[in-house]
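Q: Below is one structure. I have some questions about it.
Laboratory data are not the source of any read-out in this text; all were calculated from the coordinates shown. What you are looking at is a predicted structure, and each value in this text was computed from that prediction instead of being measured. All Cβ positions, even for glycine, are placed from backbone atoms using ideal geometry, and neighbour counts span all protein chains on display.
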Amino acid sequence: MILLLTSAAVDAVARAEPVPSRQVSAVVTLPEPTGSDAIGVVDLHLVDPSRHDPYVPARARELMVSIWYPTADRAATPVRPWASEQVTTAYTAGLTKIGAPMAGSWTLAPSHGRVDAAADSAGGRRPIVLFSPGLGMPREASTAQAEDLASHGFVVVAMSHTYESLATEFPGGRLEKSVLPRAANIDQAKAQIEQAMRVRVADTRFVLDRLADLGAGADPDADGHPLPAHLAGIFDLSKIAMFGHSLGGATAAQVMHDDRRVAAGVDLDGTLWGSVLTDGLDRPFVLIGSTDHGRAQDRSWQQFWAADRGPKLEFRLDGSQHHSFCDNQLIVPALAAAGVIPADFTPEMVGTITPQDSLDLQRGYLRTFFDTTLGRYDDLPKSPATLLHPEMTPVP
């Protein structure tokens with residue numbers, strides 16, 4: 001989950017005071033979801049036999065997705081781990097690889113999602129929100145946002161982009177790690193991102209097709225894993241939106257450009273790529289940037305803004321950094337507070353805004369935007385303006 005680091009972040013690690021050698025045990029917990037619905041979750045193994053994997057051509061393309069949804073069952077099934085032991089170990093390796101000294105042990109507490117719990121059919125059909133993480137990140141990297149949306153009645157479909165993600169765990173414990181080499185120069189980095197964008201858009205459109213199959217009563221799981229009861233009946237395939245962090249936000253924009261099934265989107269601090277820059281969109285889209293990232297600094301945002309024909313908004317989250325827009329904003333400060341990583345690492349990674357304030361703002365803005373653009377509540381204004389907060393600055 002700790003990837004895409006700036007040189008300043010790496011320098012900060014080098015400048016940090018040594019961490020005491022004593023062993024420290026830390027448990028990082030997820031904040032409670034803010035909605036009234038209990039949450040179910042199912043992990044699906046999806047295989048696209050029509051597509052050779054672009055990263056490992058000898059294999060068919062395969063993905064893992066997590067579907068988070070409302071359930072009426074609060075206790076009958078176990079909760080899903082926030083991330084598995086293997087994925088957490090890969091995350092720790094990512095921290096040490098970029099130079100963060102580690103002192104002592106730590107773990108992630110479970111999520112709030114009940115595994116395979118029956119979907120709540122009493123609420124009727126629910127709007128669907130797709131999620132794509134940042135370059136190299138697994139789908140677990142934004143669990144706090146996914147499960148909160150589910151607690152407010154959305155179906156959230158989070159994707160891991162296999163062989164780009166630092167680690168994707170498949171049924172039976174098979175772990176597929178990233179095969180992306182370290183880019184030697186700007187041109188190689190650009191080529192990697194352009195390839196990743198093509199793969200991600202194809203992944204997302206494939207997942208959309210499988211959701212349609214699921215909504216029609218088919219089980220798309222490659223291993224025949226039984227679907228939770230009533231899940232197919234709560235999908236509203238006429239109301240689909242998408243958001244993402246970093247390259248996931250760029251993916252959301254390009255998927256909207258290429259596939260009209262996606263009606264609205266949000267980019268959380270991601271530079272945009274692809275033909276959406278010159279063609280724009282004709283449906284609602286929101287850009288939310290960190291303290292020093294916005295149209296004034298990012299030419300891709302400028303291009304998109306000039307070409308876009310649909311409703312659009314831009315906000316700046318003051319006091320934030322790039323990794324404030326995923327679960328790193330919860331994990332990094334908690335590990336620093338426990339002495340597991342250097343304290344100086346925190347502001348470089350996730351800024352100075354408190355993690356809870358940052359998460360609360362993002363949760364509120366995402367929920368309000370999707371509520372309005374997917375037409376759940378006609379009495380709400382067609383903008384998150386009612387949630388204006390001193391740290392969330394609208395950019396004209």
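Q: Residue 314's amide H: which non-local residues (gap 5+, or another chain) put their own amide H closer than 5 Å, with H modeled 1.01 Å from N in plane and none for Pro or chain starts?
A: Amide H neighbours of residue 314, under 5 Å, 5+ apart: 287, 395.
Q: Suppose R0 equals 35 Å. What FRET efficiency, 1/(1 + (r/R0)^6) with r the Cβ-Cβ distance, do residue 309 and residue 188 give to the nearest 0.05?
A: Values: r = 34 Å, r/R0 = 0.98.
For residue 309 and residue 188, the calculated efficiency is 0.55.
Q: Now for a different question. Would you kindly calculate the translational diffusion coefficient of the range 7-394, applying Stokes-Einstein with the Kirkwood radius from alpha carbon pairs, for 10 °C and a viscosity of 1.306 mPa s, and quote it in µm² s⁻¹ without decimals?
A: 75 µm²/s
Q: Starting at the first residue of the range 29-45, write each ³J(HN,Hα) from the Karplus equation 6.51 cos²θ - 1.76 cosθ + 1.60 with θ = phi - 60°, in whole Hz, x for Gly and Pro.
A: Each residue of the range 29-45 in turn: 10, 8, x, 4, x, 9, x, 8, 7, 5, 10, x, 8, 9, 9, 10, 9 Hz.
Q: Please list the non-local residues whose amide H lies under 5 Å from the amide H of residue 106, H modeled 1.01 Å from N, same-chain partners needing a gap of 5 or more.
A: Result for residue 106 returns 26.
Q: A further question on this structure: Roughly speaking, what % of Cα-Cα pairs in the range 261-396 are separated by over 25 Å, rounded to a whole number?
A: Of all Cα-Cα distances in the range 261-396, 31 percent exceed 25 Å.
Q: Now for a separate question. Please compute one quarter of the surface area of the Cα convex hull for the range 31-108 and express it in square nanometres.
A: If you wrap the Cα atoms of the range 31-108 in a convex hull and average its projections, you get 8.6 nm².
Q: Just to be sure I understand the curve: with the Debye formula and one point per C-alpha of the range 150-273, what is log10 I(q)/I(0) at q = 0.14, 0.19 Å⁻¹?
A: Debye intensities relative to I(0), on a log10 scale: -0.72, -1.21.
Q: Next question, about the same structure. Taking the range 48-201, how much of its Cα-Cα pair set, in percent, is spaced more than 20 angstrom apart?
A: Counting every Cα pair in the range 48-201, those more than 20 Å apart make up 57 percent.
Q: Continuing with this model, one more query. Normalised by the residues of the range 7-394, what does the relative contact order come to in percent, with Cα pairs under 8 Å and at least six apart?
A: Values: 831 pairs, mean separation 69.4, N = 388.
Relative contact order of the range 7-394: 18 percent.
Q: Roughly what % of DSSP beta bridges within the range 7-394 run antiparallel, to the nearest 5? Don't jump to the answer; show the numbers that get you there.
A: Details: 27 of 58 bridges.
Of the beta bridges lying entirely in the range 7-394, close to 45 percent run antiparallel.
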